[in-house]
Amino acid sequence: MKNGHAWTLDPEQRASLPTVNVDDLLVAVKYYVDEARAHVRIRDQAVCAACAQQPCLAFCPVQVFARDALGGITVGYQACLECGSCRIGCPNANVDWQLPRGGYGVAYKFG
Amino acid sequence: MHTIVAIKQVPDTSNVRINPETGTLIREGVPAIINPYDVHAVELAVRLKERFGGRVTAITMGPAAAAEALVECVEQGVDRGILISDRKFAAADTLATSYVLGSAIEALNAEDPVDLLLFGLQAIDGDTAQVGPGVATRLGLPLISYALGLESFDPVARRAVVRRKAERGVERLETRLPALLTVEKEVAEVARAPLPNLIRAARYQPELWTAEAPLRFDPDHIGIKGSPTIVGRAYTPPPKTPGERLRVAEQGLAETVSQALAAILSAGVVESLGPVPVTPQQEVSHG
Amino acid sequence: MPDPNAQRYDAIVVGGGPAGVSAAITMAREGLEVILIERGRFAGAKNFFGGVMYTRALAEVLPDFQARKPPWERPVTEQGYWMLAPGSVVRFMHASQAYRQDPADAYTVLRARFDPWFAQQAVDLGALVVPKTTVVALIEDADGRVIGVRTDRPAGEVFAPIVILAEGVNNLLTQRHGLAKADLPPRFVALSVKQYIGLPAKEVSARFGLAGTQEGLAIDIFGDATLGLPGTAFLYTDKAGISIGVGLLLEEFVKHGLPPYAVLERFKRHPIVAPYLEGGEALEYGAHLIPEQGYDRMPELVADGVLVAGDAAGMVDALHREGTNLAMLAGKLAGETAVMAHRAGDFSARSLGHYRRALEQSFVLKDLKQYRRMTDFLDRSPHFMGTYSGLVNDAALRYFTAHDRPKREMEREIVGLLRDRRGFFGVAQDLYQLVRGMRG
Amino acid sequence: MAEPGAGPKIWVFVEQDGGRAHPVSWELLGAATGLAEQLAGGVVEAVLLGHAVQAIVPEAFAYGADRVYCSDDPLLAHYRNLPYAIGVSQLVQAHQPEIFLVGATHLGRDLASSIATRVRTGLTADCTELSIDPQLKILAATRPTFGGNLMATILCRQRRPQMATVRPRVLPLPERQPGRVGELVRAELGLREADMPVRLLGFEPAAGGADIEYADVIVAGGRGVGGPEGFARLAELAEALGGVVGASRPVVDAGWIGYEHQVGQTGKTVRPKLYLAAGISGAVQHRVGMSGADFILAINRDPEAPIFQVADLGIVGDVAEVVPELIRQLRARTAGAQGGSHA
């Protein structure tokens, strides 16, 4: 890291994070799911399998990414909020991220 | 040829939730959409226009905001959108609604003869499936509900063969035209509309018909006055009382499962357990 | 050669957010045939932010905006900061008569309501707003000049001598055209998640001590809200609801494997915060990135036939958490530049360079330039948010409970707290960096 | 008690197909009997249309009809909207029933609205509950609306008959009373085939593999089924129950099964008669997609799983054990039933 510092997260702080069922958040979100096309995809599953942290499992705001039984990453693009975090945050630039086709995807009701 | 599609703007009931604390319906922010069945009715009309030429008119009765739904129809390829909107129509039940739509369709037919009338099977907010059959009956038109697809369509000979979903299978029905079809989603797969359609729709303003103009609807047949049914009471269903819990650990596997199967049977939700014997249906030919 | 039947306009705007709509309004008012292409189901369907919009830039775009009845939630009549520690808060709130003007300086808004209104103003002025259509590529001529866009619809090409890219933070077109070199690294992007909690208007007013919906609060919250990590949480009062969220640099989420919703939920359960939300209906959840790369890492803003505005160009003042106002003014300047280019019949980068110069003269680039070091400051001073919030809370506790002890002792303790947690040298360094960051 | 036959007539449309009555008709006769008891002198009457349907008449008596109006005509051999609507409407106009109940089947929903429009009366669709309003002495027909999120009780104050369609299997099947007799009233249809605008060309009986949206029985799996192989077991169970396979979002995301099987907020909303949730924890996101099911059986190892809050019956146990046992017992039942006759 360029500036050399490393943030440290106090283990107590981490333990203070509550468990959240993301589905309970998503139930209030309106989607127009494009069943014909996934706009987020893994470029190379082997890269994910070799990724030690798999931080996408945590940082995606809607848990689009999940680990399958074989250690690969699956993408539940239907729940995507199109924030772009995975494209930028994947340490291996292994997420192929496009915009959903016009009219599809999330449609905020309040924003 | 001229096709009229009747559509409805509905609250997206799949996005409706109940407040877990109060048990009341959360109405705030429920998006308004075109009734999903109607989208397929519009698509079928547009496909037929592409094949046989002519025009597609979309009509709807609803509040001013329903104009958006008509604009979406124009995006899909509809030529003309008519919004029938007036406070005098408020609280209409299906009888009053079919009067209004039927009268409007008669007027449009006088202007430009109609070959086909399409309705979505039912609206997802009310799920009644009554307005399409009601309009067909008023207009004295042949009705085919639960239409799954057109097997043939001949606007010149004025005949069509329609596949219809019945209780235990699919009927093939020949009808004369004009006819009124209420359609299932299978009737036409929605294609991605071309950009010029969206550009046209971006400036499109649907025509507004009120209770007085351009048609004068009979005040005794619209709104509350024209509606024999009223809502006596509306309530959110009480939260379900959780049912019994059988524990394998306590009762043993075979006994638990046997009890569960008995419960399903006595609830009457399946006619019998095990594959239902199939009675072969005779191929029917008529006339 | 382009199809002679193809759609032709004077200008194409990509994106129906504040930047794009401001550009469309500006050009349409000057008589240009404008097409604005929006990928959402309506302008605003994809737009998401914390909740405060400033009216100064809006007035530049639409001087009579208030007469056009924007769907404001509440005017911001009181604003400030909460320094949160576990179980404790120190509040710095500012209320002033100066906030009680019509129109107010700032309002809370919900974007899926505000943005459609804003786009409608462009439509009313003659612009064409086409929704549900994603622009997938810029069309270039043989010399690389942008002459149109390709969308994801059949018969989906549109041509114009100038394209204004207002595509937002996920600026794929800007990148593909080489105006931005690559995606921003996660340390220059904040990820913000928010919930909109519905509550009766009266309840919102009562809980925050507001006289009615003509009063509103905007609170930014530091410290324990983000587990002491560099970021902010926020709580804004809407008309009949509360917008509550947290934002941290994406890098923090990545590095610590932090689930954003867990951070938000933890914040919502904070004993100081939770009572405000009690009984509310969670009406929506959303997430959005905020480009915080600062002045030095902005993309190129101009090329032949194309201008970039708003989040796509990194026009966010991370320090003051402003973005929509920068976007609006930039959109306006881009629109004006397009109008000038039409008059001159010259759409080259040279001619369009006016846009960059106009931005340099405006608060958009002046502010960004002034705070160019802030990102670096926050980056190098991790203690700023976390340590000081806890410190201030501890100090406050000692200050307010030192009734029966010599006051000197109490003061010594507070100074001691500071020394123990950061060291005097650290504090001095932080202050120096902060001032440098603010002064630019 | 008023003299039988003098009071208001409660009508039930007897739906038949090829001479076989749809059981909803008998369920409705049961309901009509209950309603008639609350109306002074109320009488239960059945309306039967078709061709060569005489055998059904005694059945209607056996299930509670005091009188059967029967229109038997070759034109009515197979259901078509127009002749049925005309035939029934003629009877309604001639005999003036107070209440008229029709099954909310494909046929019934098609027919009832046409009749209501012809006689210009009110019709309440897809009711789940019928009663007599104690004050007004009229039919109070309750139905789910707004995607099942709201119940509405509908009244029809002025016009007659008060019509309602009722979903099959919502009401209990009344006890059959063999040998119970009633009056048969024959009616003439008086229509000509040449005037019929619609002709039936053919019929294809339904095949299996229905879309989950329309399925009557759904066997759905979640993370608790263990993996893709667990879904093979669910498919067997679904087949044994005559249903289809559904899934929760996490397992679709994990690629265990295709998206077309997904039930819930980002998947399909379903309303089957039986929903069997195997290894599904029951997040709200999933529950909104399936809570409209008539009967929910949940299997989960975790006794606190939220799915149990909406389940009519829960089995606390391991899916990997319970599902194979369900299959085994179902197959045993079927094998036992093979000996019986399905004539």
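Below are the figures for this structure:
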{"item": "Within region D:9-195, percent of DSSP bridges classed antiparallel, to nearest 5", "result": "30 percent"}
{"item": "Length-normalised contact order for region D:1-68 - Cα pairs under 8 Å, 6+ apart - percent", "result": "39 percent"}
{"item": "Cβ-based net charge around residue D:12, under 13 Å, with every Lys or Arg adding one and every Asp or Glu removing one", "result": "-4"}
{"item": "DSSP beta bridge pairing in the protein assembly as shown, given as percent antiparallel to the nearest 5", "result": "50 percent"}
{"item": "Qualifying chymotrypsin sites (Phe, Trp or Tyr not before Pro) for region D:178-246 [loop in DSSP, other Cβ within 10 Å: at most 11]", "result": "none"}
{"item": "Rel. contact order, % - alpha carbon contacts under 8 angstrom, at least six apart, chain C", "result": "20 percent"}
{"item": "In the A-C interface, the accessible area buried, summed over both sides, Å² (probe 1.4 Å)", "result": "4900 Å²"}
{"item": "Within region B:217-269, trypsin sites (Lys or Arg not before Pro) in DSSP loop having at most 15 other beta-carbon neighbours inside 10 Å", "result": "B:225, B:240"}
{"item": "Cα convex hull of the protein assembly as shown, projected area averaged across orientations, nm²", "result": "52.1 nm²"}
{"item": "B/A buried area, accessible surface, summed, 1.4 Å probe, Å²", "result": "800 Å²"}
{"item": "Evaluated at q = 0.06, 0.14 Å⁻¹: base-10 log I(q)/I(0), Debye formula over Cα of chain C", "result": "-0.28, -1.30"}
{"item": "All-pairs Cα distance distribution in region B:2-221, expressed in whole percent, bin size 10 Å", "result": "8, 34, 37, 17, 4, 0, 0"}
{"item": "Residue-count net charge about residue B:159 - beta-carbon cut-off 12 Å; Lys, Arg +1, Asp, Glu -1", "result": "-1"}
{"item": "Rh by Kirkwood over Cα pairs, then Stokes-Einstein D for chain D at 0.692 mPa s and 37 °C, µm²/s", "result": "148 µm²/s"}
{"item": "Peptides ranked, highest mean first, by Cβ atoms within 10 Å: ranges D:148-155, C:345-352, B:123-130", "result": "B:123-130, D:148-155, C:345-352"}
{"item": "Positive minus negative residues near residue C:88 (Lys, Arg vs Asp, Glu; Cβ under 10 Å)", "result": "-2"}
{"item": "Interface A:D - total buried accessible surface [probe 1.4 Å, Å², rounded to 100]", "result": "1300 Å²"}
{"item": "DSSP beta bridge pairing in chain D, given as percent antiparallel to the nearest 5", "result": "20 percent"}
{"item": "Cα centroid of region A:30-88 to Cα centroid of region C:68-145, whole Å", "result": "30 Å"}
{"item": "The protein assembly as shown, accessible surface, carbon-and-sulfur percent (1.4 angstrom probe)", "result": "52 percent"}
{"item": "Directionally averaged shadow of region B:1-58, computed from the convex hull of its alpha-carbon atoms, nm²", "result": "4.4 nm²"}
{"item": "Residue pairs, from the table C:194/C:239; B:240/D:268; A:109/D:273; B:240/C:239, whose Cα atoms sit over 24 Å apart", "result": "A:109/D:273; B:240/C:239"}
{"item": "Sites matching trypsin sites (Lys or Arg not before Pro) across region C:92-199 that sit in DSSP coil, with at most 15 neighbouring C-beta atoms within 10 Å", "result": "C:100, C:181"}
{"item": "Relative contact order [Cα under 8 Å, 6+ residues apart], region A:22-106, whole percent", "result": "41 percent"}
{"item": "Accessible area of the protein assembly as shown divided out per residue, in Å², using a probe of 1.4 angstrom", "result": "39 Å²"}
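The values are calculated or read from the model by the stated rules, or taken from the named source; none is laboratory data. Here the structure is a predicted model, which means the values were calculated and not measured. No Cβ is skipped: glycine too gets one built from the backbone with ideal geometry, and neighbour counts run over all protein chains shown. These accessible areas exclude ligands, DNA and RNA; they are computed on the full protein's heavy atoms, side chains included. Shrake-Rupley method; radii C 1.70, N 1.55, O 1.52, S 1.80 Å.
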